[in-house]
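Here the structure comes first, spelled out in structure tokens, and everything after it is commentary.
The values are calculated or read from the model by the stated rules, or taken from the named source; none is laboratory data. Every value quoted in this text rests on a predicted model; they were computed, and no experiment measured them. Cβ placement follows ideal geometry from the backbone for every residue including glycine, while neighbour counts extend to all protein chains displayed. What goes into the accessible areas is simple: the full protein's heavy atoms, side chains included, and nothing from ligands, DNA or RNA. Shrake-Rupley method; radii C 1.70, N 1.55, O 1.52, S 1.80 Å.
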Amino acid sequence: PFNRPFVIFDDSDQLSLMKSVLKKLDLDEKSYSPKSYQYRINGLKCDAINPEDLDGNTDPLLHKIYDQYQKDLFANQALDFGEILTMAYRLLRDVPEVRAKYQRQWKFIHVDEYQDTNRAQYLLLRMLAHPEFGGHQNLCVVGDEDQSIYKWRGADIRNILNFEKDYPGAQVVKLEQNYRFTQAIITAASELIRNNTERKHKTLWTSNEEGAHVLRVQVMDERAEAEWVISQIRNMAAHDGRSYRDFAIFYRTHAQSRQFEDVLRREKMAYDIVGGLRFYD
């Protein structure tokens, strides 16, 4: 459908397009959330599902919105990230000579963080590597199903759990030695994660020291968390002969720094943000 090089729509572009689609279909944004439909359509694309693939059990309105979204996306000579993957997969699936060309070109394929791949990525790899489609089977994937946290973003843990079933004869190499953490941390993490039902058996170990016991604290909210952490630092600095330079606070995302910074500023405790800016900067 393209008569010039396509452009790539990022999240904000997709949201703008979705708003125009709802307006075109005479659907009120207050009743039909653009972000919600954007999320649902991205989820379908992660599973390599186009509007024509939807079955009769699908919400008819979703089908209608998805169909219009695709038409308007292409009319803008654009692709979103999900469409890049699904279009590449369908090209390899439907045009054998193109598939054969890239199978010859990419004799060896390596995929990192395989536990975070989605259905569309799985199918695309299958076109290139699986013997059912003339693939060479020179496929190496690296991943850990215990670290799969991106289901909300389309990741399908079955990709890694079923790898040996999908590729019989695959050699599995378990990297069970941990070089980073103390034994106490590894033991605590292993005891927790072994309760998961969808995982492969593994036994992590380290030659590092045992280390201090892991302390788990439950608090009411992020403000209480910051208060507790800073109080612990102050107490250890005051009574255990430690310097404030001995402490570091790790958090998942930069947005979490605000609560800690607020308490540190109130307590007049100097701090540095590593790898980013202070919240108020």
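Condition check ((1) part of a helix (DSSP H, G or I); (2) of a type outside the set (Phe, Trp, Tyr); (3) out of contact with any helix residue (DSSP H, G or I) (no Cβ under 6 Å at 6 or more places or on another chain); (4) surrounded by 16 or more Cβ atoms within 10 Å (Cβ to Cβ)) across all residues:
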| site | (1), (2), (3), (4) |
| --- | --- |
| 97 | yes, yes, yes, no |
| 110 | no, yes, yes, no |
| 115 | yes, yes, no, yes |
| 124 | yes, yes, no, yes |
| 132 | yes, yes, yes, no |
| 143 | no, yes, no, yes |
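Assuming residue 210 fulfils every condition listed in (1) touching a helix residue (DSSP H, G or I) at 6+ places or on another chain (Cβ under 7 Å); (2) closer than 24 Å to residue 145 by Cα; (3) of a type outside the set (Lys, Arg) apart from one, which condition is it?
In the conditions (1) touching a helix residue (DSSP H, G or I) at 6+ places or on another chain (Cβ under 7 Å); (2) closer than 24 Å to residue 145 by Cα; (3) of a type outside the set (Lys, Arg), residue 210 misses (2) alone.
Considering the range 182-233 alone, what residues qualify as being assigned to a helix (DSSP H, G or I) and β-branched (Val, Ile, Thr)?
Restricting attention to the range 182-233, the residues satisfying the condition of being assigned to a helix (DSSP H, G or I) are 183-193, 222-233.
Listed by number, the residues that qualify are 185, 186, 187, 193, 229, 230, 233.
Restricting to the range 159-189, name every residue that is buried (at least 16 other Cβ atoms within 10 Å of the Cβ) and not aliphatic (A, V, I, L, M).
Across the range 159-189, the qualifying residues are 159, 163, 166, 167, 178, 182, 183, 187.
Sort out which residues of the range 213-261 are open to solvent by less than 80 Å² (accessible area, probe 1.4 Å), of a type in the set (S, T, N, Q) and under 24 Å from residue 186 (Cα atoms), and write them in order of number.
Scanning the range 213-261 gives 232, 253.
Are any residues in the range 33-55 more than 21 Å from residue 150 (Cα to Cα) and surrounded by 15 or more Cβ atoms within 10 Å (Cβ to Cβ), and if so, which ones? Spell out the reasoning first.
Going through the range 33-55, the residues more than 21 Å from residue 150 (Cα to Cα) turn out to be 33-34, 50-55.
Those that are more than 21 Å from residue 150 (Cα to Cα) and surrounded by 15 or more Cβ atoms within 10 Å (Cβ to Cβ): 34, 50, 51, 54.
Take the range 71-80 and flag every residue that is open to solvent by 10 Å² or more (accessible area, probe 1.4 Å) and part of a helix (DSSP H, G or I).
Residues satisfying the conditions are 71, 72, 74, 75.
Among the residues of the range 256-279, how many are outside any loop (DSSP other than H, G, I, E, B), of a type outside the set (A, V, I, L, M) and out of contact with any Lys or Arg (no Cβ under 7 Å at 6 or more places or on another chain)?
Start the filter on the range 256-279 by keeping residues that are outside any loop (DSSP other than H, G, I, E, B), which leaves 256-266.
Then keep just the ones that are of a type outside the set (A, V, I, L, M); that gives 256-262, 265-266.
From what's left, out of contact with any Lys or Arg (no Cβ under 7 Å at 6 or more places or on another chain): 256-258, 260, 262, 265-266.
Total satisfying the criteria: 7.
Select from the range 201-212 the residues that are in contact with an Asp or Glu (Cβ under 8 Å, 6 or more places away or on another chain) and open to solvent by less than 100 Å² (accessible area, probe 1.4 Å) and write down the one among them that is nearest to residue 179 (Cα to Cα).
204
Residue-by-condition table, conditions (1) exposed (fewer than 11 other Cβ atoms within 10 Å of the Cβ); (2) under 29 Å from residue 129 (Cβ atoms); (3) touching a strand residue (DSSP E or B) at 6+ places or on another chain (Cβ under 9 Å):
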residue: 57; (1), (2), (3): yes, no, no
residue: 60; (1), (2), (3): yes, no, no
residue: 64; (1), (2), (3): no, no, no
residue: 82; (1), (2), (3): no, yes, no
residue: 90; (1), (2), (3): no, yes, no
residue: 102; (1), (2), (3): no, yes, no
residue: 105; (1), (2), (3): yes, yes, no
